[in-house]
Amino acid sequence: MTRLQDPADTTSKVRRVRSDALRNRAAILDAARQIFVTEGVMASLDGIAVLAGVGNATLYRNFPTREDLLAAVIQSSCEDALAFGKGLSLTLDPGAALAEWLVGLAWRLHSWHDLPYCLASAHADPSASLNDANLPMIKETERLLQAAQASNQAAADVTAEAVFELVLALSWAIDRYRDTEAVARHRVLMGTVGVFVPFDRSSNRPS
């Protein structure tokens, strides 16, 4: 007589498979994050699989394209950037918070070589999977921009999309010219001056 399989055994096997899959995915993301920092986002995917301790088939099953992998890594790293933006709102006036967000965002995006170029290319393609990774950063830019506009510290006709595109361009320049953090800060503040309402420092009011 054929012995019926215990449903508990089946459930246990399914849980084990799911646990292994989640562990593999986390290992791939961690390896990609490390390699993107040292080699840039165009680094070998084979090298990422080796560092993660998985086969190429496992990597591609989780992330069919480089863009899919990059989007997942960015999304997993977004929380720190968003926390940075919210912290600025609590400690600075709206105009200063926006300015520091733009400086910080441009610097963070440049930290992985070729990332600004990839994000800019995806931003121009509505179907690109990287657009989902862009969205939280655009939303945070919009929140800070609207607060600065409401206090008459940012130009009323400027949009978050346009500001984000400007930051991508500045971040690309930071990456290409290998700016130090101080030089990058100066570049961003100089490049985003048109975002802000001219300020009369003597009266502490918009001019």
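Taking L145, is it closer than 18 Å to L29 by Cβ and not acidic (D, E)? Steps first, answer last, please.
Values: closer than 18 Å to L29 by Cβ: no; not acidic (D, E): yes.
Spelling it out, it is not the case that L145 is closer than 18 Å to L29 by Cβ and not acidic (D, E).
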With the requirement that a residue be in a helix (DSSP H, G or I) and charged (D, E, K, R), what does region 171-195 give you? D175, R176, E181, R185, R187
Residues of region 151-188 being open to solvent by 70 Å² or more (accessible area, probe 1.4 Å), under 20 Å from the mean Cα position of the chain (by Cα) and in contact (Cβ under 8 Å) with a residue 24 or more places away in the chain, which ones? E165, W172, E181, R185
Going through region 101-117 one residue at a time, which ones are open to solvent by 10 Å² or more (accessible area, probe 1.4 Å) and closer than 12 Å to L144 by Cα? none
All conditions in (1) open to solvent by 50 Å² or more (accessible area, probe 1.4 Å); (2) closer than 26 Å to S151 by Cα are true of L98 except (1)
Given (1) open to solvent by 50 Å² or more (accessible area, probe 1.4 Å); (2) modelled with pLDDT of 85 or more, S202 misses just (2)
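I'd like the full set of residues that are surrounded by 14 or more Cβ atoms within 10 Å (Cβ to Cβ) and either small (G, A, S) or under 23 Å from L135 (Cα atoms) (or both), limited to region 35-56. Walk me through it before giving the result.
The initial filter retains those residues of region 35-56 that are surrounded by 14 or more Cβ atoms within 10 Å (Cβ to Cβ), namely 35-36, 39-43, 45, 48-52, 54.
Answer for region 35-56, where residues must be surrounded by 14 or more Cβ atoms within 10 Å (Cβ to Cβ) and either small (G, A, S) or under 23 Å from L135 (Cα atoms) (or both): F36, G40, V41, M42, A43, A49, A52.
Restricting to region 119-150, count the residues that are within 14 Å of P94 (Cβ to Cβ) and open to solvent by 20 Å² or more (accessible area, probe 1.4 Å).
Quick first cut of region 119-150, residues within 14 Å of P94 (Cβ to Cβ) only: 140-150.
This time we only want the ones that are open to solvent by 20 Å² or more (accessible area, probe 1.4 Å), so: 142-143, 146-147, 149-150.
So the answer is 6.
Residue-by-condition table, conditions (1) surrounded by 12 or more Cβ atoms within 10 Å (Cβ to Cβ); (2) polar (S, T, N, Q); (3) assigned to a helix (DSSP H, G or I):
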site: R18; (1), (2), (3): no, no, yes
site: N24; (1), (2), (3): yes, yes, yes
site: T58; (1), (2), (3): yes, yes, yes
site: R61; (1), (2), (3): yes, no, yes
site: E67; (1), (2), (3): yes, no, yes
site: L70; (1), (2), (3): yes, no, yes
site: D80; (1), (2), (3): no, no, yes
site: L88; (1), (2), (3): yes, no, yes
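The values are calculated or read from the model by the stated rules, or taken from the named source; none is laboratory data. Small disclaimer: the values here were computed from a predicted structure and weren't measured. Glycine gets a Cβ as well: all are built from the backbone with ideal geometry, and neighbour counts include every protein chain shown. Just so you know, the surface numbers come from the protein's heavy atoms only, side chains and all, with ligands and any DNA or RNA stripped out. Shrake-Rupley method; radii C 1.70, N 1.55, O 1.52, S 1.80 Å.
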